[in-house]
Every structure is written in C-alpha cells, then in structure tokens.
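Engineer: Below you'll find the structure I mean.
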Amino acid sequence: MGYAITDPSQIIDIQAVADGINQYKTVLQDLESCGYAVTYASGMLTKDALSIDDSTLEYSVSDLGDQIKSLYDTLVGYADDVLSQAEQVYKAQVLEYNNYVDQKKITQQIKVIE
C-alpha cells in the first residue's frame, strides 16, 4: 500500500496516537473500577434489599458488574488494536519516505554524472 510520502510532515504522529490511546485506556480504568464496585455492591446487599415482588435482582446486579468489566476488556483490546495498526502504518510510511529520499539522491547523482 502506498502513501505517496514525500515529506516527513506527511508521516502520522505515532507519539500523538500512542498518547491518545494511553489517555483512553486511563479513562477505561475508571470503567473497570465501576464494574468491580457494582459486583462488590451486589454482594453486600441482601436478597430482600434487591427484591421486587418476591423476585431478587441480586444476580442481575452482579451480572451487570461482570458485563461492565467485560466491556472494559473489549475496549482495551480495541485500543491496543488501533495502536498496533497505527504503528504498522507509521513503519510503512517511514520506509516509503526513506525509499523516496534514497531514490531522489540516486536521481540527483545520475544528473551530476550526465
């Protein structure tokens, strides 16, 4: 895949992408903490406190906590995938730019020889 890179300013800022992903993952840690808190809270509440018409919500609340933690894992996985793809693009762009520079030098040398 070509990116037509002819100047370093055209290369993605991988550090900015990595910083953004890390900030996103930091926010996701709050989501994970929420999941643990919900699961913990469900264990502290009695069946009577979580019952409506003789049906308990105890397990539903616990399941909700587990789903929140699972969502955290999924979103962190997506973030890691985005960063991995960005790193691959960055490496390809750097390689393409270096090849462009090398080709430009060769062309200039040929012109000097002629």
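Engineer: Out of (1) in a loop (DSSP other than H, G, I, E, B); (2) free of Cβ contacts under 8 Å to residues at least 12 places away in the same chain, the odd one out for residue 33 is which?
Structural biologist: For residue 33, the failing item is (1).
Engineer: Could you give me the residue pairs with C-beta distances under 7 Å whose first residue belongs to region 99-114 and is aromatic (Phe, Trp, Tyr), whose second residue is surrounded by 10 or more Cβ atoms within 10 Å (Cβ to Cβ) wherever it lies, and which are 6+ apart or on separate chains?
Structural biologist: 100/5; 100/6
Residue-by-condition table, conditions (1) in contact with a helix residue (DSSP H, G or I) (Cβ under 8 Å, 6 or more places away or on another chain); (2) modelled with pLDDT of 90 or more; (3) polar (S, T, N, Q); (4) within 19 Å of residue 13 (Cβ to Cβ):
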| site | (1), (2), (3), (4) |
| --- | --- |
| 45 | yes, no, no, no |
| 58 | yes, no, no, no |
| 62 | yes, no, yes, no |
| 66 | yes, yes, no, no |
| 85 | no, yes, yes, yes |
| 96 | no, yes, no, yes |
| 106 | no, yes, no, no |
| 109 | no, no, yes, no |
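Engineer: Could we say that residue 72 is at pLDDT below 90, out of contact with any strand residue (DSSP E or B) (no Cβ under 6 Å at 6 or more places or on another chain) and farther than 30 Å from residue 8 by Cβ here? Give the derivation first.
Structural biologist: Numbers: at pLDDT below 90: no; out of contact with any strand residue (DSSP E or B) (no Cβ under 6 Å at 6 or more places or on another chain): yes; farther than 30 Å from residue 8 by Cβ: yes.
Spelling it out, it is not the case that residue 72 is at pLDDT below 90, out of contact with any strand residue (DSSP E or B) (no Cβ under 6 Å at 6 or more places or on another chain) and farther than 30 Å from residue 8 by Cβ.
The values are calculated or read from the model by the stated rules, or taken from the named source; none is laboratory data. Quick caveat: nothing in here was measured; it's all calculated off a predicted structure. Ideal geometry is used to build each Cβ from the backbone, glycine not excepted, and the neighbour counts take in all protein chains shown.
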